[in-house]
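What follows is calculated from the coordinates using simple rules that are stated; it is not laboratory data. Every value quoted in this text rests on a predicted model; they were computed, and no experiment measured them. Every residue, glycine among them, receives a Cβ derived from its backbone with ideal geometry; neighbour counts consider all protein chains shown.
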Amino acid sequence: MFALTDDHQAVRETVREISEKQIQPFAADCDENERYPVEAQKALTDSGFQAIHIPEQYDGAGADAIATVIVIEEVARVCASSSLIPAVNKLGSMPIILSASEELKQQVLPSIASGESMISYALSEREAGSDAASMRTKAVRDGDDWVLNGTKAWITNAGVSDWYTVMAVTDPDAKSNGISAFVVHRDDPGFSVGSKERKLGIKGSPTRELHFENCRIPGDRIIGEPGTGFKTALATLDHTRPTIGAQAVGIAQGALDVAIGYVKERKQFGKQLAEFQALQFMIADMAMDIEAARTLVYQAAAATERGDANKGFLASAAKTLASDTAMRVTTDAVQLLGGAGYTRDFPVERMMRDAKITQIYEGTNQIQRLVMARSLLR
Ligand code: COS
């Protein structure tokens, strides 16, 4: 993969236009008022970009993984919170696409493809974050049904999603091979969401707990065989960590674009900031790092599309490189704007706060390094 196809370029152009016209104008307000970006959801759904990864046989666009990361990157360039609409739809639905029965796929995926529903992914718990296999949420068979009890934590887009992919223990003695994956609907009895977390960034995207109190779901809502849920959850992350890399690249590019505009306008000591070589070198480093991260993100996405053996390594590498780049670039963008950059009159302080989460969610960058090392030393 050394060049994007014409189709990929066309996706970028279309999503950039939608993002700049219909999402960017509301980004600061969503952050300031911690409100969900309804305008972005409408714009993405109206144009069919809210979940383009859903295969055609489930009424989706059937776009490849590279097109999907381009969509997320372009939306994140103007609003990271809004980019979680396509990103979380992929995260929540990927366990179903990878491992669910045909009937369950038909039951859930068309509603995501049409934009009627969104879907979130529920793996983490308060005491089971990086060590995801130590989860406590349980699912027990009762007749034809499954009954879930427990609490999931830090669930992105909880409350706005209709569907939830939930990992729960079905055989406590079998450790990670005793975890199963299920699909829960917001209307299932015994399901509820907690209050919104108060966060540093991505304030437009609600993050909540999920509560399961004797939550009863039909037997056919299990994803794959009992005991395969943890592997499905990890295989999903191989496919979706590049999307977080894409989000990070988009945030970084957005910050660089603002910084370039600013240094060409602002004058000090009788000349434009852009004429100072120290600042030119900062800009050059920022752009160089973004380009390297972008290339690795696309490479990782292409590897997941092909099912390459090293896709897990590349997914973790792309997510780590891109998120560390986003943190550095957004911090430098604030620096280039100086006092102005530290205020909410410019978007770079929001971008810096939003960038931080990309080093944390879908596995901290410490866990990514563990995944990379295990894959190299195996
Ligand atoms: N795809 C499929 N199966 C995988 C896999 C992958 N990418 N990686 C590991 N497995 C399998 C292993 O082969 C093992 O199978 P066996 O028991 O049959 O040998 C099983 O899954 C358990 O793997 P492992 O022993 O490596 O599990 P650990 O408990 O050591 O955990 C880490 C592995 C730490 C990598 C995992 O818990 C993780 O990714 N943690 C971070 C979780 C995360 O990203 N949270 C964010 C939530 S989403 S916002």
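Based on alpha-carbon positions alone, could you give the equivalent ellipsoid semi-axes of the stretch 262-378 from the gyration tensor, as √(5λ), descending, whole Å?
Each semi-axis is the square root of five times an eigenvalue, giving 34, 15, 11 Å.
Per residue, what volume in Å³ does the Cα convex hull of the chain take up?
Per residue, the Cα convex hull of the chain comes to 132 Å³.
How much of the pair distance distribution for the stretch 6-114 lies past 24 Å, counting alpha-carbon pairs only, in percent?
Taking all Cα-Cα pairs of the stretch 6-114, the fraction more than 24 Å apart is 24 percent.
Explain nothing, just the number: relative contact order of the stretch 119-226, from Cα pairs under 8 Å at least 6 residues apart, as a whole percent.
31 percent
Among Lys175/Lys311; Lys231/Lys319; Lys267/Lys356, which pairs are too far apart, with a Cα-Cα distance over 27 Å?
Lys267/Lys356
If you stretched the chain out fully between Glu17 and Asn33, how much longer would it get, using 0.36 nm times the residue separation minus the C-alpha to C-alpha distance?
3.3 nm
Whole-Hz ³J(HN,Hα) for each residue in the stretch 184-196, computed from phi via Karplus 6.51 cos²θ - 1.76 cosθ + 1.60 with θ = phi - 60°, x for glycine and proline: what do you get?
These are the phi-based 3J(HN,Hα) values: 10, 9, 4, 8, 5, x, x, 9, 8, 10, x, 7, 5 Hz.
Find the relative contact order for the chain and round it to a whole percent, using C-alpha pairs within less than 8 Å whose residues are 6+ positions apart.
17 percent
Distance between Cα centroids, the stretch 96-119 to the stretch 167-218: provide it in whole Å.
Answer, in whole Å: 18.
At 7 Å along the Cα-to-beta-carbon direction for both Asp187 and Leu200, put a label point, then send me their distance in nm to one decimal.
Label at Asp187, label at Leu200, 4.0 nm between them.
If all Cα-Cα distances of the stretch 225-274 are sorted into 10 Å bins from 0 onward, what percent lands in each bin, rounded to whole numbers?
Per 10 Å bin, starting at zero, the Cα-Cα P(r) for the stretch 225-274 comes out as 22, 23, 19, 15, 11, 8, 3 percent.
Write down Rg/Rh for the stretch 155-297, rounded to two decimals, with Rg from the C-alpha atoms and Rh from the Kirkwood relation over Cα pairs.
1.20
State, as an integer percentage, the relative contact order of the stretch 6-114 based on alpha-carbon contacts under 8 Å between residues 6 or more apart.
31 percent
Take the Cα of Ile360, step 7 Å along the line toward its Cβ, and report every residue of the stretch 229-270 whose backbone nitrogen sits under 18 Å from that point.
Of the residues in the stretch 229-270, 244-245, 247-249, 251-252 have backbone N under 18 Å from the label point off Ile360.
Taking the alpha-carbon distance from Lys42 and a cut-off under 21 Å, which lysines remain once sequence neighbours fewer than 8 residues away in the same chain are dropped?
Lys21, Lys90, Lys203
Which FRET efficiency, nearest 0.05, do Arg266 and Asp142 yield, Cβ-Cβ r, R0 56 Å?
E(calc), rounded to 0.05, equals 0.25.
Non-local amide H neighbours of Met118 (under 5 Å, H modeled in plane, Pro and chain starts lacking H): which ones?
Residues meeting the criterion, in which the H sits 1.01 Å from N, are Asp162, Trp163.
On a full-extension model of 0.36 nm per residue, what is the gain between Thr45 and Thr331, subtracting their alpha-carbon distance, rounded to one decimal in nm?
Contour length minus Cα-Cα distance gives 99.7 nm.
By how many nm would the segment from Thr5 to Arg369 grow when fully extended, if each residue of separation counts as 0.36 nm and the alpha-carbon distance is taken off?
Working it through step by step, the gained length comes to 127.9 nm.
How large is the helix-only mean residue ellipticity at 222 nm for the chain, computed as the sum of -39500 (n - 2.57) over DSSP H runs with n ≥ 4, divided by its residue count, in deg cm²/dmol to the nearest 500?
Computed ellipticity for the chain at 222 nm equals -18000 deg cm²/dmol.
Would you mind working out the magnitude of the charge dipole of the chain relative to its Cα centre, with +1 at each Lys and Arg C-beta and -1 at each Asp and Glu C-beta, to the nearest 20 Debye?
I would put it at about 1120 debye.
Could you list which residues have their amide H under 5 Å from that of Val193, counting only those 5 or more apart in sequence or on another chain, with H placed in the peptide plane?
When sequence neighbours closer than 5 places are left aside, the close amide H contacts are His211.
Pop out the Kirkwood hydrodynamic radius of the stretch 214-328 from its pairwise C-alpha distances, inverse of mean 1/r, in Å to one decimal.
16.7 Å
Can you give the alpha-carbon Rg of the stretch 323-369 over 2.2 N^0.38 Å, where N counts its residues?
Rg over 2.2 N^0.38 Å, computed on Cα atoms: 1.25.
Let me know the whole percent of all Cα-Cα pairs from the stretch 119-226 that are separated by more than 18 Å.
Roughly 44 percent, rounded to a whole number.
Per q in 0.22 Å⁻¹, report the Debye log10 I(q)/I(0) for the stretch 74-128, using one uniform scatterer on each alpha carbon and no solvent.
The Cα Debye sum returns log10 ratios of -0.88.
Tell me the net charge near Leu123. Cut-off is 12 Å between Cβ atoms, Leu123 excluded, with +1 for each Lys or Arg and -1 for each Asp or Glu.
Neighbour charge sum, excluding Leu123 itself: -2.
Membrane-span-like helices in the chain: DSSP H runs reaching 30 Å or more (Cα, own axis), mean Kyte hydropathy at least -0.5?
Within the chain the helices that satisfy the rule are 229-265, 277-306, 311-341.
At 7 Å along the Cα-to-beta-carbon direction for both Arg306 and Glu291, put a label point, then send me their distance in nm to one decimal.
Output for this residue pair reads 2.3 nm.
Could you sort 85-91, 291-297, 48-54 so that the peptide with the highest average Cβ count within 10 Å comes first and the rest follow in order?
Top to bottom by mean Cβ count within 10 Å: 85-91, 48-54, 291-297.
By a straight-distance test (C-alpha under 16 Å), which aspartates and glutamates pair with Lys196 as possible cross-link partners, with residues fewer than eight away in the same chain excluded?
Asp31, Glu32, Glu34, Glu125, Glu209
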